[in-house]
Amino acid sequence: MSARGTIPREVDVAVVGGGVVGCAIARALSQFELDVCLIDRETDVGFGTSKANSGIIHAGHHSASGTLKGTLEWAGNQQWGPLADELGIGFERVGDLTVAFDEDEVATLERLRRQAVEREVPGVELWDGPRLRREEPNLSPEIVAGLFAPSTGVINPYEACFALAEDAVANGVSLLLDAPVHSIDVVPDGLALGLPEGTVQARVVVNAAGLGADRIEAMVGLHTFDLVARKGEEYLLDKRLEGLVRRIVFPCPTPTSKGTLVIPTFDGTIMIGPTAVDVDDRDDLTTTSDGAAQVLRAARRLVPGISPGDCIAEFAGVRAVATTNDFVIGATEVPGFVNVAGIQSPGLTAAPAIAELATRLVAEQGLALSPEPSPVPFERCPVPVRDLDGATRAERASADPAFGRVVCRCELVTEGEVRGAIRRGATTLDGVKFRTRAGMGRCQGGSCTWRVMEALSAETGRPVDALTKRGGDSWLVLRREDPMIDGATS
Amino acid sequence: MSASRPARPRRVYDVAVVGAGPAGMAAAAGARQAGAERVLLVDREPETGGILNQCIHSGFGLHHFGEELTGPEFAQRAFAEMVDDGLDVLTDSFVVDRDADDELSVMSAEHGVLRVAAGAIVLASGARERTRGAIRIPGSRPAGVMTAGLAQHLVNVRGLLPGRRAVILGSGDIGLIMARRLTLEGIEVAGVFELLAHANGLTRNIVECLDDFDIPLHLSTTVVEVHGRDRVEGVTVAPVGPGLEPLLDRARFVPCDTVLLSIGLLPEAELARSLGARIDPVTRGPVVSSTMETTRPGVFAAGNSVHIHDLVDFVVEEAQLAGRSAAAHVLGGSAPRDNVTLVPGENVRYCVPHTISTDREHTVYLRVRRPLERSWLRLGDAYEKRLRYVVPAEMVTVKVRPRFLEGFSSEALRVDVVPREEG
Ligand SMILES: Cc1cc2nc3c(=O)[nH]c(=O)nc-3n(C[C@H](O)[C@H](O)[C@H](O)COP(=O)(O)OP(=O)(O)OC[C@H]3O[C@@H](n4cnc5c(N)ncnc54)[C@H](O)[C@@H]3O)c2cc1C
Ligand SMILES: Cc1cc2nc3c(=O)[nH]c(=O)nc-3n(C[C@H](O)[C@H](O)[C@H](O)COP(=O)(O)OP(=O)(O)OC[C@H]3O[C@@H](n4cnc5c(N)ncnc54)[C@H](O)[C@@H]3O)c2cc1C
């Protein structure tokens with residue numbers, strides 16, 4: 001597989017890792033007159049941990065005091081509102097409820113409430129049983145109290161990555177995908193990154209490589225942190241349960257974990273999870289029967305109406321946790337090499353604030369930051385057809401018939417939207433799925449897979465047997481070898 | 001907004017039928033025969049025929065046409081039986097929902113968003129396949145895990161191959177038929193694995209699709225893990241104990257690049273649900289009366305969207321009734337209301353219709369829970385009939401005649417299928 005994108009010979013900054021953190025950093029840097037390139041080994045941005053998480057923009061009263069992650073969490077929460085608006089991505093402050101089953105837990109809620117006040121997290125209130133049941137009638141009747149935090153939000157994390165990267169590219173960042181960095185050499189006036197097909201020389205390298213960050217650091221001879229891979233499994237429930245809870249429901253935290261949550265995702269699907277299990281293999285994205293049982297048990301304790309038969313899909317993500325249990329962000333002994341590593345939860349929340357901090361660190365490496373004189377404003381994705389009212393839908397479809405043809409019936413996605421996603425950068429089935437939701441619904445692509453493959457083939461000019469689910473060796477179909485049969489359309 | 005906005009097109013019909021598979025086509029024909037003047041048939045696919053278009057094997061229509069046809073042949077015949085001047089067919093058109101004005105909203109490239117006002121609706125939207133998430137197969141999520149129906153579409157309609165070596169999980173009919181199809185296409189089928197102690201598909205399909213091709217069927221065995229990062233590299237299978245729990249000490253690895261799921265169909269009942277019709281938690285389709293009317297007056301349903309059928313002939317029979325009833329609803333002259341509710345009793349998973357009337361003859365479809373060699377079908381204390389071999393995979397059809405229920409005066413009629421002693 002060869003790298004996609006034109007490899008620039010020399011740049012001011014190379015950001016390694018196109019997760020939400022790397023994308024946010026690249027975008028922040030694109031606002032200045034700098035040559036920046038964003039590099040990821042996957043076939044699309046966000047295909048590491050950033051697409052496989054709970055999608056919560058935390059309020060900032062859960063995390064421990066005195067940590068970098070705690071500080072950046074609340075700052076990030078505040079920045080996501082305007083940022084999501086500007087980028088036109090799904091984000092909503094649905095609020096969260098941490099619930100208590102007994103008096104001991106009520107005491108914990110009280111402690112969290114005081115913490116919220118200290119950190120100036122606004123609007124946090126303690127609700128009693130009757131209030132809880134009025135607001136969230138499907139919660140377990142055994143819950144006695146809840147702490148409500150209105151500033152917690154839900155976001156579509158993959159949409160965030162796509163939009164941040166697209167905005168960065170529109171403002172001059174070069175994006176290199178399918179491009180694993182395999183070496184970094186210290187050269188005069190910078191660092192040379194070895195890619196499968198060439199080298200990029202950068203004055204500053206930002207190591208935002210998530211689970212690969214320790215290996216990237218090792219490439220310049222450093223060993224300043226250790227990473228533990230902590231897997232989390234999540235389970236998605238049928239859309240029929242939409243509205244089961246309106247706010248994110250947390251159990252009372254224990255010293256080691258935020259626990260298993262019930263999450264009304266931005267698109268309305270209810271998600272339950274995650275687990276937190278340390279794994280040896282960082283690529284271990286398997287779901288397990290123990291994980292499923294644990295998540296279901298914990299979720300049913302909070303919301304008894306959930307049943308195992310409601311699951312439509314599951315996934316796992318792996319957190320890159322530094323052994324210090326905090327983010328590792330800062331310059332290093334190697335000139336020009338900056339770490340943004342160990343970005344465990346709440347990394348998604350903190351990403352905009354991390355980007356701000358990283359921008360300062362880049363400047364401290366001796367790069368002058370002069371604002372880009374004519375930034376290109378972001379061209380948002382059109383509002384999804386499923387969110388339009390009948391009249392506007394009709395208008396869109398009569399302007400372009402492709403917006404009348406429904407490709408994915410479960411999530412109501414039209415061919416116009418699928419083609420739009422491909423024009424904006426999707427090259428795989430998953431790329432289309434995460435941009436449009438085609439294939440994310442209850443039939444899980446049973447009925448739209450072929451139509452999406454046809455659109456991918458038509459837009460990219462590649463035959464269907466060259467298409468993949470998500471890059472690499474994830475091929476989808478083979479052509480018949482029988483020469484008598486006129487097989488695949490191309 | 002702007003005055004130049006094109007008016008949203010709107011059409012008025014007596015009966016609108018959603019879905020143009022065998023059920024939809026038969027319902028449309030039934031509605032026309034019963035006197036509905038303007039009938040609309042809509043399907044989201046470019047052609048009518050529904051799932052039959054990808055079923056290129058033969059075995060359709062023995063009852064209805066008196067000969068064995070392939071799926072596409074059956075669809076063609078049904079289409080020919082149906083076409084007439086009072087019928088509009090819209091394909092490549094998706095029925096989204098019913099809007100605030102009680103009109104169906106139909107999206108297509110051709111018409112944009114079309115509004116359809118209809119005196120009665122027949123839902124014939126078929127079924128969808130259960131997916132991996134529904135049974136939560138542990139493991140990784142590589143390319144190459146797909147429903148048997150998607151594989152059937154890729155192979156039979158698109159002329160593509162899903163992989164080189166396949167494992168089939170579940171012994172539903174589509175999986176069995178695909179085991180044979182893949183073998184004929186030169187793809188190795190490593191085996192069919194079924195969690196339960198009995199197969200889920202028709203006996204005919206076990207014999208003709210597996211036995212005849214030496215494809216092993218492993219009963220009481222399941223897939224406990226999927227392996228592979230990018231593409232499937234294999235599965236771990238294990239036998240299950242009496243409580244269906246996998247016996248992991250007897251697990252083994254089966255290399256393959258493709259996993260087909262044939263773990264059941266579910267009625268596509270979203271439209272019924274959004275129209276406010278009551279859903280039967282067992283069939284997962286709408287509750288229907290003896291005229292195939294849902295609990296929403298004027299909304300009828302038939303075919304796989306009500307309950308999963310194994311033979312198209314019964315789909316047609318049920319759908320013609322739905323179409324005729326829809327016409328009667330519009331023209332006046334609906335049948336008297338049902339007065340008896342059927343209650344699934346011993347060894348009966350469900351009955352369709354859910355209610356009947358003691359003054360007419362009805363065809364009642366039911367499925368048993370467990371196989372029985374010889375059994376009695378009992379309707380309360382009123383009627384008893386001998387049944388031969390019954391299995392969950394094969395729908396049982398019973399004619400219920402008024403004379404069976406003479407003297408029966410309760411509102412609930414229990415339906416049992418119980419073992420019959422030797423004799
Ligand atoms: C189950 C789970 C639930 C979570 N829930 C939340 C939540 O609700 N709220 C929240 O705020 N946070 C949450 N998190 C944490 C959040 O997902 C992460 O903090 C965040 O996604 C980290 O982003 P990142 O960009 O650092 O990492 P990643 O998204 O993993 O990006 C790193 C990128 O680097 C690339 N890369 C690695 N090595 C190389 C190389 N050699 N060459 C080129 N590219 C390379 C990878 O391909 C990857 O795309 C959760 C995490 C998990 C696992
Ligand atoms: C693999 C397989 C093998 C079979 N083998 C046999 C056999 O050998 N012999 C036999 O007699 N029977 C067989 N059957 C059974 C029988 O053919 C099916 O039960 C029958 O086709 C179901 O008919 P239907 O019209 O209810 O559904 P379908 O054929 O599924 O038709 C439903 C139609 O509705 C459309 N639709 C759904 N929602 C919408 C919407 N919102 N807007 C517009 N259109 C919509 C769909 O596109 C579809 O075309 C088989 C079935 C399968 C799946």
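Here are the numbers for the structure shown:
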{"read-out": "Alpha-carbon spread of chain B, three principal axes, descending order, Å", "value": "69, 64, 41"}
{"read-out": "Nearest-10 value in Å² for the accessible area of A:ARG424, using the 1.4 Å probe", "value": "60 Å²"}
{"read-out": "Viscosity 1.002 mPa s, temperature 20 °C, Stokes-Einstein D of the protein assembly as shown from Kirkwood C-alpha radius, µm²/s", "value": "72 µm²/s"}
{"read-out": "Axial C-alpha extent at least 20 Å, average Kyte-Doolittle at least 0.0 - helices from chain B (DSSP)", "value": "B:312-331"}
{"read-out": "Gyration tensor (Cα) of region B:294-356, equivalent ellipsoid semi-axes in angstrom", "value": "22, 17, 9"}
{"read-out": "Euclidean distance of C-alpha centroids, region A:175-202 and region A:11-35, integer Å", "value": "15 Å"}
{"read-out": "Region B:1-85: proportion of alpha-carbon pairs further apart than 22 angstrom, %", "value": "36 percent"}
{"read-out": "Label-point separation in nm, B:LEU184 to A:GLU120, each point 7 Å along Cα→Cβ", "value": "7.3 nm"}
{"read-out": "Length-normalised contact order of chain A in % [C-alpha pairs under 8 Å, at least 6 apart]", "value": "19 percent"}
{"read-out": "Label-point separation, A:PHE378 to B:SER410 (7 Å along Cα→Cβ), nm", "value": "6.5 nm"}
{"read-out": "Neighbour net charge for B:LEU87 - beta-carbon separation under 12 angstrom, K R +1, D E -1", "value": "-4"}
{"read-out": "Whole-Hz couplings from phi, Karplus 6.51/-1.76/1.60, listed for region B:281-287; x for Gly and Pro", "value": "x, 7, 6, 6, x, x, 6"}
{"read-out": "Rg/Rg_ref, chain A, where Rg_ref = 2.2 N^0.38 Å and atoms are Cα", "value": "0.99"}
{"read-out": "Inter-site label distance for B:LEU244 and B:SER58 at 7 Å from Cα along Cβ, in nm", "value": "3.7 nm"}
{"read-out": "Cα-based radius of gyration of region B:129-176 once divided by 2.2 N^0.38 Å, which approximates compact folds", "value": "1.17"}
{"read-out": "For region B:81-142, fraction of C-alpha pairs farther apart than 19 Å, in %", "value": "54 percent"}
{"read-out": "FRET efficiency estimate (nearest 0.05) - Cβ-Cβ, A:ARG479 to B:ASP310, R0 25 angstrom", "value": "0.15"}
{"read-out": "Accessible area of A:TRP80 in the full protein assembly, 1.4 Å probe (Å², nearest 10)", "value": "0 Å²"}
{"read-out": "Extended-chain gain in nm, criterion 0.36 nm per residue less alpha-carbon gap, A:GLU86 and A:ARG131", "value": "12.7 nm"}
{"read-out": "5 Å-binned pair-distance histogram of region A:13-104 (Cα, whole percent)", "value": "2, 11, 15, 19, 21, 15, 8, 3, 2, 1, 1, 0"}
{"read-out": "For region B:83-208, projected area of the alpha-carbon convex hull averaged over all directions, nm²", "value": "12.4 nm²"}
{"read-out": "Area of A:PHE434 that stays accessible when all protein chains are in place (1.4 Å probe, Å², to 10)", "value": "30 Å²"}
{"read-out": "Contour excess over end-to-end distance, with Cα ends at A:THR460 and A:ALA368 and 0.36 nm allotted per residue", "value": "29.2 nm"}
{"read-out": "Relative contact order (%) - criterion: Cα under 8 Å, at least six apart; region: chain B", "value": "16 percent"}
{"read-out": "Pairwise Cα inverse-distance average, inverted: Kirkwood Rh of region A:359-490 (Å)", "value": "17.1 Å"}
{"read-out": "Amide N proximity, region B:283-297 versus B:ASN339 label position 7 Å along Cα-to-Cβ, cut-off under 18 Å", "value": "B:289-291"}
{"read-out": "Relative contact order [Cα under 8 Å, 6+ residues apart], region B:93-173, whole percent", "value": "13 percent"}
{"read-out": "Region A:370-443-region B:221-276 distance, computed between alpha-carbon centres (Å)", "value": "32 Å"}
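The values are calculated or read from the model by the stated rules, or taken from the named source; none is laboratory data. Just so it is clear, the model here is predicted, and its values are computed rather than measured. As a convention, Cβ positions derive from the backbone with ideal geometry for all residues, glycine included, and neighbour counts pool all protein chains shown. For the accessible areas, the whole protein counts, side chains as well, though only heavy atoms, and no ligand, DNA or RNA atoms are used. Shrake-Rupley method; radii C 1.70, N 1.55, O 1.52, S 1.80 Å.
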